[in-house]
Structures are given as structure tokens and as C-alpha cells.
Amino acid sequence: MKAVLLMILNVYSFILLARVIVSWIAVGGNNPNIRHNPIVEAIYQLTEPPVQLVRQFMPRTGMIDFSVLVVFLLISLLQRVVISLPIP
């Protein structure tokens with residue numbers, strides 16, 4: 001059970017990392033239509049709910065969005081909690 005939860009959190013972390021990389025490519029690259037890619041759309045659909053929730057409680061910091069970083073920190077915290085659970 002613990003291993004499954006940790007695996008889900010790890011996979012979600014990689015999906016969140018993919019979102020960060022795609023956002024950098026979309027900003028710095030020459031392809032403005034990258035968000036219309038089905039894989040990119042799926043990445044954003046999977047990661048937007050927690051990022052949007054965190055974004056609601058964060059102060060605006062201009063062009064830099066720290067909400068993804070906070071979600072990474074929350075995932076890390078959840079991983080530590082799962083590891084410390086007394087379940088096998």
C-alpha cells in the first residue's frame with residue numbers, strides 16, 4: 001500500500017516537472033501552439049487543479065509563478081508522511 005502511494009506521488013511529481021519544462025518551452029520557444037498538443041493538454045489538465053488551488057492562496061509575484069514549487073513541496077511532505085505511516 002505504501003509503495004503504491006509513493007509511486008503515485010512520484011509519477012505525479014514527474015508530470016508536474018513536465019509541466020514546468022513545457023511552460024519554459026512555450027515561453028522561450030518559437031512554437032506558440034504547444035498548448036494545443038494533446039499530451040501537453042493532458043499534462044495541464046492533470047496538474048492544474050492543485051496548482052490553481054495553491055495559486056489562490058499565494059500573493060502575486062509578477063511573472064514568476066511559485067505555486068508549482070509549493071505543490072512540489074507539498075508532494076514531498078506527503079511522501080514523508082506516507083513513509084512514516086505504520087502500514088506495510
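Has the range 22-35 got any residue that is modelled with pLDDT of 85 or more and closer than 26 Å to SER84 by Cα? No - not one qualifying residue is present in the range 22-35.
Filtering the range 64-88 to residues that are touching a residue at least 40 places away in the same chain (Cβ under 8 Å), in a helix (DSSP H, G or I) and in contact with a Lys or Arg (Cβ under 8 Å, 6 or more places away or on another chain) leaves VAL68, VAL82, ILE83.
Selection of the range 48-69 for residues being closer than 20 Å to SER13 by Cα and β-branched (Val, Ile, Thr) yields VAL51, VAL54, ILE64, VAL68. For the range 42-63, a residue qualifies if it is part of a loop (DSSP other than H, G, I, E, B) and either touching a Lys or Arg at 6+ places or on another chain (Cβ under 8 Å) or charged (D, E, K, R) (or both), and exactly one does: ARG60.
The values are calculated or read from the model by the stated rules, or taken from the named source; none is laboratory data. This one's a predicted model, so the numbers in the text were calculated from it and none came from an experiment. Please note: Cβ atoms are built from the backbone with ideal geometry, for glycine as well, and neighbour counts cover all protein chains shown.
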